[in-house]
Amino acid sequence: MIARGAGDVAEKGTFSFSAQQPLAPQGGEKVNAPFSARRIALLAGWAALSLAGEAPPGGKAPLVLDLPKPHFIGTPINLKSPNLEKPRPGKRPDLLVPAGVTNVALKKPVTASDSSPIMGELSQVTDGDKDGIEGSYVEIGPGKQWFQVDLKERCQLFAIVVWHYHAQARVYHDVVVQISDDPKFARGVRTLYNNDHDNSSGLGLGKEKEYIDNHEGLLIDAGGVEARYVRLWGNGNTENDLNHCTEIEVYAKRPSAK
């Protein structure tokens, strides 16, 4: 499952609601009035939980991302792809995750199919710098390639966010995100995202659409699956045949924090 297209993400510590949204009546209470005492109390309570960094009822809250600044606006008209998603109206839908998830990929070791990057260092993939300009991304060879993050332990994954290169509007081809407990990805492999519509990379036919890489990144709903390794595949882009990665974030809970 993916939550691609989550538009602007609410800033940390903010909470918004519509006072006109009806609540389900309980105990015969009438809630037709837009500002019933019970409704105001509930909304105030949820707002207090949000400001305190706690999850609202249900144990989940929208994932809050620290997004880099955008480098371009709108949809370029010269990017062509037979599998390109349509422009999204409005903001990206929130992805709800359990309270307490953190980016467990930060500063974790990174390997790649090309061990000698053309530009940058593999460590930049998890260094926390998502700006997307020169000096914040790594460039590796052409064709089918992968970047891989070792989380150092098996974690319960809820969201994965990927930034390729967003200083310029580009579409990256055959984007596939897989997880495994095997560093060689020879067994126990699960595919969480695949937009290779013609199986040109040989990893199976993908159901997702290609997209224009931007400052929001690709947001993938991992659904609570468990794994130690995360692998990002690619096969060039609309600008050239090379592969880039600015950052990979993995929002998860460690086994002891389930």
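Each reported figure results from applying straightforward, stated rules to the coordinates on display, with no laboratory input. Everything numeric in this text was worked out from a predicted model, so none of it was measured. Don't worry about glycine lacking a Cβ; one is built from the backbone with ideal geometry, like all the others, and counts go over all protein chains shown.
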Please list, by residue number, everything in segment 162-180 whose backbone N is under 16 Å from a paramagnetic label point 7 Å out along Cα→Cβ of ASN199.
174
How large is ³J(HN,Hα) for each residue in segment 85-99, as worked out from phi by the Karplus curve 6.51 cos²θ - 1.76 cosθ + 1.60 (θ = phi - 60°), to whole Hz, x for Gly and Pro?
5, 6, x, 8, x, x, 7, 6, x, 5, 9, 7, 9, x, 4
Non-local amide H neighbours of ASN237 (under 5 Å, H modeled in plane, Pro and chain starts lacking H): which ones?
HIS173, LEU242
Peptide ranges 127-135, 149-157 listed from the most packed, as the mean C-beta count within 10 angstrom indicates
149-157, 127-135
Could you check the simple spin-label distance between LYS209 and ARG88, using points 7 Å along Cα→Cβ, in nm with one decimal?
1.1 nm
